[in-house]
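The values are calculated or read from the model by the stated rules, or taken from the named source; none is laboratory data. Worth saying up front: this structure is predicted, and the values here are computed from it rather than measured. Cβ coordinates were reconstructed from backbone atoms using ideal geometry, including for glycine residues, and neighbour counts include every protein chain displayed. Please note that ligands, DNA and RNA were not included when accessible areas were found on the heavy atoms of the full protein model with its side chains. Shrake-Rupley method; radii C 1.70, N 1.55, O 1.52, S 1.80 Å.
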Amino acid sequence: MTKKLYIKTYGCQMNVYDTERMIDVMAPEGYTQTDAPDDADLIVLNTCHIREKAVEKVYSDIGRVRKIKIKQSKNDKEVILAIGGCVAQAEGGEIMRRAPVVDMVFGPQTYHNLPKMVNKSISLKAIGEKSRILDTSLAVDEKFNQLSKSDVKRKATAFLTIQEGCDKFCTFCVVPYTRGSEFSRSIESVMKDAHKLADAGVVEVTLLGQNVNAFHGQSSTGQEWGLPELMAEIAKIEGIERIRYTTSHPHDMTDQLIKAHGQIKECMPYLHLPVQAGSDKVLKAMNRTHDTASYKKIIADLRKIRPDLALSGDFIVGFPGETDQDFEETMNLVREVRYAQAYSFKYSPRPGTPAATMENQVDEAIKSQRLTRLQELLKQQQIEFNKSVIGKTLKILIENKGKTEDTAFGRSPYMQAVQVTLQGVSADDLQGTIVDVLIKDAGPFNIQGVLVAAA
Ligand code: 5AD
Ligand code: SF4
């Protein structure tokens, strides 16, 4: 009998990738994915711990699932609730105490054990035993050895995790505690996965890692490789036409990696490179290991090689000790650098991180005012960047059908979401292909274009 699996994903692309792998590992156990939690036999919340709001959301969702479990138990159906991801890793014991309805808790490095945990829970329940399972070890290499990716569906674009964890210890961040220390997968296993994706029809791979540009490994000929060498090798695979990578740290933006943006034609002109703040004093307190000058030098070097590079970033406002003057320096940096898009957040104290106990915590109201001003500026820049492609013909990778019969959805080399008017061609025929599109109009989040020809 097939069973239904519902997974809710919170947070970053790493979690999106992990969710896909959980679906893969549960498939041989007879589980198919559902979008309706009410139908599910197994409900997984794949959680995020990066900011407080994300954590609160998990607890309120647990309350919602509790109601589903009660309703289903009246129909003699035992629904299993599993909490995975970074909240599970950081406060697994706390979840178990606070939410008795939770059957199992597992971390980002143990989800390959999900079938075992679920089967154990089912057999214990069958003999009337109450079972609660907690598995939050951080041994990451075992996980990748056990994950099979053989049954990926044909999609135009896919994530591929090549690195996990972080040793940078920015003082605001939980990642080094929830995902563990920096770990690069072996080049051999990454290449195997990249070939499988290409065989399944994937055209664009996004290489993932919390510190993806810290990736390093030994090639089959014994050479030490970093991200640029890995990208060059993946670019040789037939069918792979686009490569992206995220998230990067300025500290690991080597000259070689910068050069790769000009040398590897598959490497897309888009880079997510968080700076976090524009004040050197704040950057130091954040333990970022870069300053504004070194960051600006990287951007200038990249733009020498790719003048059209679309730059993205992350910003935190209201870090402890951030003064009005410090914040103005962030605004000035944004004005000077110019972003195609960016993410910005109010500083959220995370338990166990050094910044949480720093003095001079900034008032919430001031954080909100600063965030509004910064987001207004970033939005203006995003509109400006999007409008700059009007009248140009861009290569668009078609991912899906569009909102209407006559349109398709795709992405430009700059990661822009583009609605393409097809003028009689079928969206199904174009899915997974790169086509020429004349850009007609652009707003902050969506761009409209017309199909010119299959490229
Ligand atoms: N508060 C606010 N934002 C944070 N980020 C990480 N930790 C925090 C925090 N404690 C942001 C950073 C990071 C992005 C993934 O989330 O900008 O780059
Ligand atoms: Fe967190 Fe800093 Fe590591 Fe990024 S580099 S994951 S912000 S500790």
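Given the residues Thr47, Thr34, Thr2, Thr9, which is the only one that is over 27 Å from Glu164 (Cα atoms) and under 24 Å from the mean Cα position of the chain (by Cα)? Talk me through it step by step, then tell me what you get.
Working: Thr47 fails: over 27 Å from Glu164 (Cα atoms); Thr2 fails: under 24 Å from the mean Cα position of the chain (by Cα); Thr9 fails: over 27 Å from Glu164 (Cα atoms).
Within the list Thr47, Thr34, Thr2, Thr9, the selection yields Thr34.
State which residue pairs qualify: first residue not assigned by TED's automatic domain parsing to the domain that holds Tyr177 and inside the range 354-383, second residue in a helix (DSSP H, G or I) and of a type in the set (Phe, Trp, Tyr) in any location, beta carbons under 6 Å apart, and separation of 6 or more residues or different chains.
Arg370/Phe327
Answer yes or no: is there a residue in the range 433-446 that is open to solvent by 20 Å² or more (accessible area, probe 1.4 Å), aromatic (Phe, Trp, Tyr) and either assigned by TED's automatic domain parsing to the domain that holds Ala198 or within 17 Å of Arg242 (Cα to Cα) (or both).
Within the range 433-446, none of the residues are open to solvent by 20 Å² or more (accessible area, probe 1.4 Å), aromatic (Phe, Trp, Tyr) and either assigned by TED's automatic domain parsing to the domain that holds Ala198 or within 17 Å of Arg242 (Cα to Cα) (or both).
For the range 402-431, which residues satisfy the criterion of being small (Gly, Ala, Ser) and buried (at least 21 other Cβ atoms within 10 Å of the Cβ)? Can you show your working first?
Just the residues of the range 402-431 that are small (Gly, Ala, Ser), to begin with: 402, 408, 410, 412, 417, 424, 426-427.
Once the filter is applied, which keeps residues that are small (Gly, Ala, Ser) and buried (at least 21 other Cβ atoms within 10 Å of the Cβ), the range 402-431 yields Ala408, Gly410, Ser412.
Looking for something open to solvent by 10 Å² or more (accessible area, probe 1.4 Å) and either in the same structural domain as Thr136 (by TED's automatic domain parsing) or more than 16 Å from ligand 1 (Cβ to nearest atom) (or both) - is there at least one such residue anywhere in the range 163-177? Reasoning before the result, please.
Let us first name the residues in the range 163-177 that are open to solvent by 10 Å² or more (accessible area, probe 1.4 Å), namely 166-173, 175-177.
Then drop every residue that is not either in the same structural domain as Thr136 (by TED's automatic domain parsing) or more than 16 Å from ligand 1 (Cβ to nearest atom) (or both), which leaves none.
No, that holds for no residue.
Let's see how each residue does on (1) among the charged types (D, E, K, R); (2) away from ligand 1 (no atom under 16 Å from the Cβ):
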site: Ala285; (1), (2): no, no
site: Lys296; (1), (2): yes, yes
site: Lys304; (1), (2): yes, yes
site: Leu311; (1), (2): no, no
site: Asp314; (1), (2): yes, no
site: Phe319; (1), (2): no, no
site: Thr330; (1), (2): no, no
site: Arg335; (1), (2): yes, yes
site: Phe345; (1), (2): no, no
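Among (1) in a loop (DSSP other than H, G, I, E, B); (2) more than 22 Å from Gly201 (Cα to Cα), which single condition is Met415 missing?
(2)
May I ask you to list pairs of residues, at least six apart or on different chains, whose Cβ atoms are under 8 Å apart, with the first in the range 393-405 being in contact (Cβ under 8 Å) with a residue 60 or more places away in the chain and the second being of a type in the set (Asp, Glu) and buried (at least 19 other Cβ atoms within 10 Å of the Cβ)?
The qualifying pairs are Leu397/Glu204; Leu397/Glu241.
Can you list the helices (runs of 4 or more DSSP H) lying wholly within the range 47-131 that have 3 or more residues being of a type in the set (Ser, Thr, Tyr)?
52-74
Which of the residues belonging to the range 307-321 are touching a strand residue (DSSP E or B) at 6+ places or on another chain (Cβ under 9 Å) and open to solvent by 10 Å² or more (accessible area, probe 1.4 Å)?
Scanning the range 307-321 gives Asp314, Ile316.
Filter the range 364-383 down to residues that are surrounded by fewer than 19 Cβ atoms within 10 Å (Cβ to Cβ) and either touching a Cys at 6+ places or on another chain (Cβ under 8 Å) or among the polar types (S, T, N, Q) (or both), then give me how many there are.
5
Check the range 38-48 and report whether any residue there is of a type outside the set (A, V, I, L, M) and over 21 Å from Asp135 (Cα atoms).
Among the residues of the range 38-48, at least one is of a type outside the set (A, V, I, L, M) and over 21 Å from Asp135 (Cα atoms), which makes the answer yes.
Does any residue in the range 26-49 that is without any contact (Cβ under 8 Å) to a residue 24 or more places away in the chain come within less than 8 Å, Cβ to Cβ, of a residue that is exposed (fewer than 15 other Cβ atoms within 10 Å of the Cβ) and of a type in the set (Gly, Ala, Ser) six or more places away or on a different chain, and which pairs are these?
Filtered contacts from the range 26-49: no entries.
Surrounded by fewer than 19 Cβ atoms within 10 Å (Cβ to Cβ), within 16 Å of ligand 2 (Cβ to nearest atom) and either at pLDDT 95 or above or not assigned by TED's automatic domain parsing to the domain that holds Pro354 (or both) - does that describe any residue in the range 186-203?
No, because not a single residue in the range 186-203 is surrounded by fewer than 19 Cβ atoms within 10 Å (Cβ to Cβ), within 16 Å of ligand 2 (Cβ to nearest atom) and either at pLDDT 95 or above or not assigned by TED's automatic domain parsing to the domain that holds Pro354 (or both).
Among (1) touching a residue at least 24 places away in the same chain (Cβ under 8 Å); (2) assigned to a helix (DSSP H, G or I); (3) open to solvent by 20 Å² or more (accessible area, probe 1.4 Å), there is one condition Asn386 misses while meeting the rest; what is its number?
Result: Asn386 fails condition (3) only.
Looking only at residues in the range 204-232 that are open to solvent by 10 Å² or more (accessible area, probe 1.4 Å) and hydrophobic (A, V, I, L, M, F, W, C), which one is farthest from Phe144 (Cα to Cα)?
Checking each candidate, the answer is Ala232.
Just to be sure before I move on: is Asp18 in the same structural domain as Val118 (by TED's automatic domain parsing) and under 30 Å from Tyr245 (Cα atoms) in the structure I sent?
Details: in the same structural domain as Val118 (by TED's automatic domain parsing): yes; under 30 Å from Tyr245 (Cα atoms): yes.
Taking the combined requirement at face value, the residue satisfies it.
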